[in-house]
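Everything on this sheet refers to the single structure shown next.
The values are calculated or read from the model by the stated rules, or taken from the named source; none is laboratory data. Keep in mind the model is a prediction, meaning the values are calculated, not measured. Positions of Cβ are backbone-derived with ideal geometry, glycine not excepted, and every protein chain shown enters the neighbour counts. Just so you know, the surface numbers come from the protein's heavy atoms only, side chains and all, with ligands and any DNA or RNA stripped out. Shrake-Rupley method; radii C 1.70, N 1.55, O 1.52, S 1.80 Å.
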Amino acid sequence: MEVRRDVRIPVRDGLELSANLWLPVAVPDVPAAEARVPAILEMIPYRKDDWRWVIDDARGRWLAARGFAFCRLDIRGTGSSPGIALDEYTAQETLDGYDAVEWLAAQPWSSGNIGMWGISYGGFTSIQVAMLRPPHLRAIVPVYASDDRYTDDIHYIGGCATASELSQYAVSMVGSNALPARPDYRGVAWEAEWRDRLEKTPVWLFEWLRRQHDGPYWRQGSLAPDWAALTVPTFLIAGWMDGYVDAAVRMLERCVKAPRRALIGNWVHALPDDAYPGPNVDWLHELVRFFDYWLKGIDNGVMDEPELTYFEREYAPPEAFPATWPGRWRSAAGLPIPGAALRDYFLGPVGAFVSQPPPGGMIERMAHRPTIGTRSSLSWGAGCTPNGLARDLRPDEALLPTWTSEPLDRPLEVFGRPVATLEVSSSMPVATLVVRLSDVAPDGTVAQVTAGILNLTHRHGHTKPEPLVPGQVERVTVPLRAAGYHYLPGQRIRLSVASAYWPVIWPSPDAGELAIHLGASRLVLPTIPAEAGLPTPAFRTEPAGLPDVGARSTGDAAVWQISEDVLAGTVTVTTASGETTVLPDGTMLYSSERLEMTASDLDPAHARMRTEVIYRLEQDGRAISILANGLMTSTEAAFELAVDLDVSLDGAPFHHGQWAETIPRRLV
């Protein structure tokens, strides 16, 4: 195996992007044409020469040992690649990916068969590059990725601005984008190039918050609604507890021109061999099987297996960081699953589901409580500590209207997106509905199954929101996130309705009241037969066994705290995490972030999110320090954003950046 670092890949506008390559060693006496190998490309902004060095090196060596070249590319303006990172998922960035695929195919060691893979950002870029149809791109494996940047990403959920996920990512990228290329790679031009990056790279968050409604900005980089644009063979990997699972279900059903498979586990936003909740799967083994078939032409039967395999989970006592959940793997030939049917549960009086619509005139009222939601997960798509899952929902539900079934006398299997169809009125022109589907144990413990969010001004669509008319009754549909769930006999189905989901989404600005009109309001569950499906493939459950590359890491104690100020009527959520990594060549990287998010029941318009991100990098004899502070506050009319960036080099100030903007709230 051969490693080549800082390989320069030319792209069409003249830049040469920086990549690392892991190449299998040629076998002696084998003709060159037979020794050529396929390549797998991953392109992300997460710094291959320090932050992701360890996992890149281990994964590259592992893939090379299995006959694949692995290329890890820093996207333009990040890591050791030149240029400016003007935003995420730009059209130019996607063209860079096209050019990188074709460059890899043209190399003398290459068979011309190229695949792409990535988790999260890299999954997005895999889909986006595939939409351009480079001639030599043969297959992709997007892991936890989206087909729709507005409805299914970290910026907006159901037309609501996010809080916890936005704060974690946005300011973290300010700090990461401020780090330089590796000094030894750029020589005497290093400082000047770094200073140019610092002076020209914008804060991505500002543009995201200006674009509060769906439109051309969000269609850039989105496959939806043109699912037919994806034709390359695609292996989708998703997790029920990850925020991108809806996209995987949609793509499996709608990308009809692409040979495709999907694997969905319980997992949060972490790779399936290590993510919680289990059971875990050796996803690298599955990735290699898929690429062996499409890049090497090995008929290993992978495409004879069911198109969909997913874990159908059952009730488990709720906890923030469960190691595993009970249930079983199930498979189906595709979507929709044969025998699928919709089942209605009408919202009746005294908090019960009824089989028929109740008489009109009955109303369930609730006050807008911006601080409700802290018993659920910290983020819409949970991940590593401190991003935990929902705990027992009873403290939240004591303040909310709920509807509960009788104990089930037989099992009930759910697959797909539940929907709450509600007739509502509001005293506020801007309001939110949050619906949570849960499983109630015989002892009263409430475990969340899934949830849905809708900014009611988006009730007719995300492109042209309309304010509510106070007091006017309207029928709205709130889709919940997809679930594969098995309700056991003796358990009860519950739906709760809230006006907020703190700190997942930013609270709507007005004080007031929502009313649920019971008449035709109902929960619709997508059910499937108990034994529908095909035999399930056997998975390896132990990690792939990546090589130890000699680095060492230590983590700071993580923090996830929730505090209430009774007099002020506020709830503050504080999180913190950090890690130090030392590489074999002596490179040291420390990264940490601290978030503080406050919402108020007494003053819904005024919420606050404060972020501190620190990076310290020691590499090639240089010491770099980055401190990025972000503050986002709101009033009835606007969001106030302020970001400060302080950069030092070898202990001396090197750069200071400061950005501030008032952005009008547009029915958010």
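Quick look at the values:
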read-out: Descending principal axes extents, the range 89-207, alpha-carbon based, whole Å; value: 46, 46, 19
read-out: Potential lengthening between D565 and E531 on full extension [0.36 nm per residue; Cα-Cα distance subtracted]; value: 7.2 nm
read-out: Placed amide H near R76: partners under 5 Å, 5+ positions off or other chain; value: none
read-out: Whole-number percent relative contact order across the range 272-422, with pairs defined as alpha carbons under 8 Å at least 6 apart; value: 18
read-out: Farthest positive-ward along the range 112-204 dipole, Cα basis, beta-carbon charges - from G175, G115, V203; value: G115
read-out: Built amide H within the under 5 Å cut-off of W380, gap 5+; value: E165
read-out: Computed accessible area, L468, all protein chains, 1.4 angstrom probe, square angstrom; value: 20
read-out: Efficiency of FRET between Y217 and Q658 - r from beta-carbon atoms, R0 30 angstrom, step 0.05; value: 0.75
read-out: Ranked packing of 137-143, 400-406, 656-662, 420-426, most packed first, by mean Cβ within 10 Å; value: 137-143, 420-426, 400-406, 656-662
read-out: Which labelled figure in (1) 39, 32, 26; (2) 41, 31, 21; (3) 52, 32, 23 is semi-axes √(5λ) of the Cα gyration tensor in Å, once derived from the coordinates; value: (2)
read-out: Label-point separation in nm, L132 to V30, each point 7 Å along Cα→Cβ; value: 3.1
read-out: Placed amide H near A352: partners under 5 Å, 5+ positions off or other chain; value: T404
read-out: Exposure of H655 as accessible area (Å², to 10), given a probe of 1.4 Å and all protein chains; value: 30
read-out: Loop-located trypsin sites (Lys or Arg not before Pro) in the range 513-596 whose Cβ has at most 14 other Cβ within 10 Å (DSSP); value: R540
read-out: Whole-number accessible area per residue in Å² for the range 232-343, which is evaluated in the context of all protein chains at 1.4 Å; value: 33
read-out: Percent carbon-and-sulfur accessible area, the range 240-391, ignoring ligands, DNA and RNA, probe 1.4 Å; value: 53
read-out: Viscosity 1.002 mPa s, 20 °C: Kirkwood-radius Stokes-Einstein D of the range 42-89 over Cα pairs, µm²/s; value: 188
read-out: Cβ-Cβ FRET estimate between D443 and A323, R0 fixed at 22 Å, reported to 0.05; value: 0.55
read-out: Nitroxide proxy distance, nm - points 7 Å out along Cα→Cβ at R475 and R365; value: 2.5
read-out: Phi-based couplings in Hz for the range 316-324 (Karplus 6.51, -1.76, 1.60; Gly and Pro marked x); value: 9, x, x, 8, 5, 10, x, 5, 7
read-out: Estimated vicinal HN-Hα couplings, Hz - the range 66-73 in sequence order (Karplus 6.51, -1.76, 1.60; Gly, Pro = x); value: 10, x, 10, 7, 10, 10, 10, 10
read-out: In order through the range 660-665: 3J(HN,Hα) via Karplus (6.51 cos²θ - 1.76 cosθ + 1.60), integer Hz, x for Gly, Pro; value: 8, 7, 9, 10, x, 7
read-out: Charge dipole (the chain, unit charges on Cβ, about Cα centre) - positive-most of V288, S592, Y345; value: Y345
read-out: Given charges at Cβ of Lys, Arg, Asp, Glu: the chain dipole, positive-most of S80, A270, T231; value: T231
read-out: In nm, spacing of pseudo-spin labels at A91 and D344 (7 Å Cα→C-beta vector); value: 4.7
read-out: Cα coordinate range in the range 566-624, projected on the principal axes (Å, largest first); value: 54, 15, 13
read-out: Nearby lysines by direct alpha-carbon distance to K296 (threshold 25 angstrom, same-chain neighbours under 8 apart not counted); value: K257
read-out: Relative packing of peptides 379-388, 103-112 - highest average C-beta neighbours within 10 Å first; value: 379-388, 103-112
read-out: The range 343-438 - convex hull of the alpha-carbon atoms, volume per residue in Å³; value: 156
read-out: For the chain, calculated [θ]222 nm from helices alone, where every DSSP H run of n ≥ 4 adds -39500 (n - 2.57); value: -5000 deg cm²/dmol
read-out: Assigned charges on the beta-carbon of Lys, Arg, Asp, Glu; the range 545-668 dipole about Cα centre (debye); value: 160
read-out: Packing-based order for 453-462, 252-261, using average beta carbon neighbours within 10 Å, highest first; value: 453-462, 252-261
read-out: Accessible area in square angstrom per residue, the range 409-479, 1.4 angstrom probe; value: 35
